[in-house]
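The values are calculated or read from the model by the stated rules, or taken from the named source; none is laboratory data. Here the structure is a predicted model, which means the values were calculated and not measured. Neighbour counts run over all protein chains shown; Cβ positions are idealised from the backbone, glycine included.
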């Protein structure tokens, strides 16, 4: 890419109106390893658990028979790793290692069993202030792929050693999270460009331009790339060469990454709606108005769409009809994106809690209180919930149930994933072609390993003042 092309792309990036200050990295961040959660968080969690139990006793139906006993608060936390800065990135868990990015721009590799640090990689200086948005890592074939803020680059890092394999400079902030499919890395940039790069060397395959920044992560299914932009559109592009297949217009910025199931693309917008779009034709199937900006990325499982909203509610909607199945209200915006593990929905909220909800009813099974917002999107592996918090910790929590993340968000690799998937071509919300050594379905991935849990964590706060940039 020539210097002139870089300059042209920088000109398309939306200017920021927020002052930024240089942040000194916290000395020794992460050296605490598996540091335990604070006494304040523990006390709040015990109080909330007591409230949940008291509420259950008041219900006419009484306790549900056969429900397992939930761990106490002290038992809930397997470990909590202190990065020293807020963690809005969503963890990816592969081969016994959890990967996440903290607010100081450091990519951490953490032992998933013990919570001890394996290595770190500095992706470059991160801008301070309310604009900070963090991409989530994708891990494929022994390589970690992640975008960078002020370094304006996409990195490929050796998953075992943390050594850089290659770096591609975009000339603009990369707040989108990469998707890796069939040897190609797909990622969006603040210069309104979708990049396709070779996974082994970082060479440019093609680029496709939108009209405003792309913070959402590309979703790649059956040879088509689906991605939203601040220009108010969802684009379908051919994965081979980036040609436009169709463009779906939303009345405001597209602020979540897409997921795909049963031939339908599901995505949230700043217009407060969840949109269901025909994956082949780009035509509207239904929309649902939540009453708040939808920066949460939907997940689909067993014919139900689960998604959060800035109105503080977690929604379960019929995948075919968009009709409400149930809702669950929290005390803060829900910008975290849900995951499904067996019969349980796991999701974070800006009220500081990680919630476990019954997938069929939305009833609260437990909630763990952190010290700050939880915009990170959970990933569950073998009964352990991995999630980041604004309080600076990466948490490993006991789910209280066996099983791992299911549904399209994680199986398509959106906002973190589990297992080094051999990305296939299926996207039916319950299985797909291909597979991996650990038995995971090989969905046509890419689905935007999004920085959205991070990338969208503060996006809504900027939409109004940046809409005219």
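Assorted remarks:
- Extreme residue, surrounded by the most Cβ atoms within 10 Å (Cβ to Cβ), among residues of region 169-179 that are touching a strand residue (DSSP E or B) at 6+ places or on another chain (Cβ under 7 Å) and more than 13 Å from residue 224 (Cα to Cα): 177
- Among the residues listed as 162, 124, the single one being outside any strand (DSSP E or B), under 19 Å from residue 84 (Cβ atoms), modelled with pLDDT of 90 or more and over 20 Å from the mean Cα position of the chain (by Cα): 162
- If the condition is being part of a loop (DSSP other than H, G, I, E, B), farther than 17 Å from residue 336 by Cβ and either touching a strand residue (DSSP E or B) at 6+ places or on another chain (Cβ under 7 Å) or modelled with pLDDT of 95 or more (or both), then region 384-410 contributes 400, 401, 403, 404.
- Any hit, region 279-294, residues being in contact (Cβ under 8 Å) with a residue 40 or more places away in the chain, within 20 Å of residue 348 (Cα to Cα) and either in a strand (DSSP E or B) or over 19 Å from the mean Cα position of the chain (by Cα) (or both): no
- Residue count for region 331-345, restricted to those that are closer than 25 Å to residue 417 by Cβ and surrounded by fewer than 24 Cβ atoms within 10 Å (Cβ to Cβ): 3
- Single condition residue 229 does not satisfy, out of (1) more than 24 Å from residue 320 (Cβ to Cβ); (2) modelled with pLDDT under 95; (3) buried (at least 19 other Cβ atoms within 10 Å of the Cβ): (2)
- Inspection of region 132-151 identifies at least one residue that is over 20 Å from the mean Cα position of the chain (by Cα), at pLDDT below 95 and either crowded, with 18+ Cβ neighbours inside 10 Å or part of a strand (DSSP E or B) (or both).
- Taken over region 348-362, the criterion of being part of a loop (DSSP other than H, G, I, E, B) and touching a helix residue (DSSP H, G or I) at 6+ places or on another chain (Cβ under 9 Å) is satisfied by 352 alone.
- Of note, residue 223 satisfies the criterion of being over 20 Å from the mean Cα position of the chain (by Cα) and farther than 23 Å from residue 99 by Cβ.
- Among the residues making up region 363-383, those that are within 23 Å of residue 87 (Cα to Cα) and part of a strand (DSSP E or B) are 366, 367, 368, 369, 379, 380, 381.
- Of the set (1) surrounded by fewer than 23 Cβ atoms within 10 Å (Cβ to Cβ); (2) in contact (Cβ under 8 Å) with a residue 60 or more places away in the chain, all apply to residue 184 but (2).
- Counting only strands (runs of 3 or more DSSP E) wholly contained in region 196-265, the ones carrying 3 or more residues that are free of Cβ contacts under 8 Å to residues at least 40 places away in the same chain and touching a strand residue (DSSP E or B) at 6+ places or on another chain (Cβ under 8 Å) occupy 204-209, 244-249.
- Per the listing 429, 453, 446, 424, the residue uniquely surrounded by 20 or more Cβ atoms within 10 Å (Cβ to Cβ), at pLDDT below 50 and assigned to a helix (DSSP H, G or I) is 453.
- Residue list for region 312-321, restricted to those being buried (at least 18 other Cβ atoms within 10 Å of the Cβ) and part of a loop (DSSP other than H, G, I, E, B): 312, 319
- Here residue 191 meets the list (1) touching a residue at least 60 places away in the same chain (Cβ under 8 Å); (2) in contact with a strand residue (DSSP E or B) (Cβ under 8 Å, 6 or more places away or on another chain); (3) under 23 Å from residue 244 (Cβ atoms) almost entirely, failing just condition (2).
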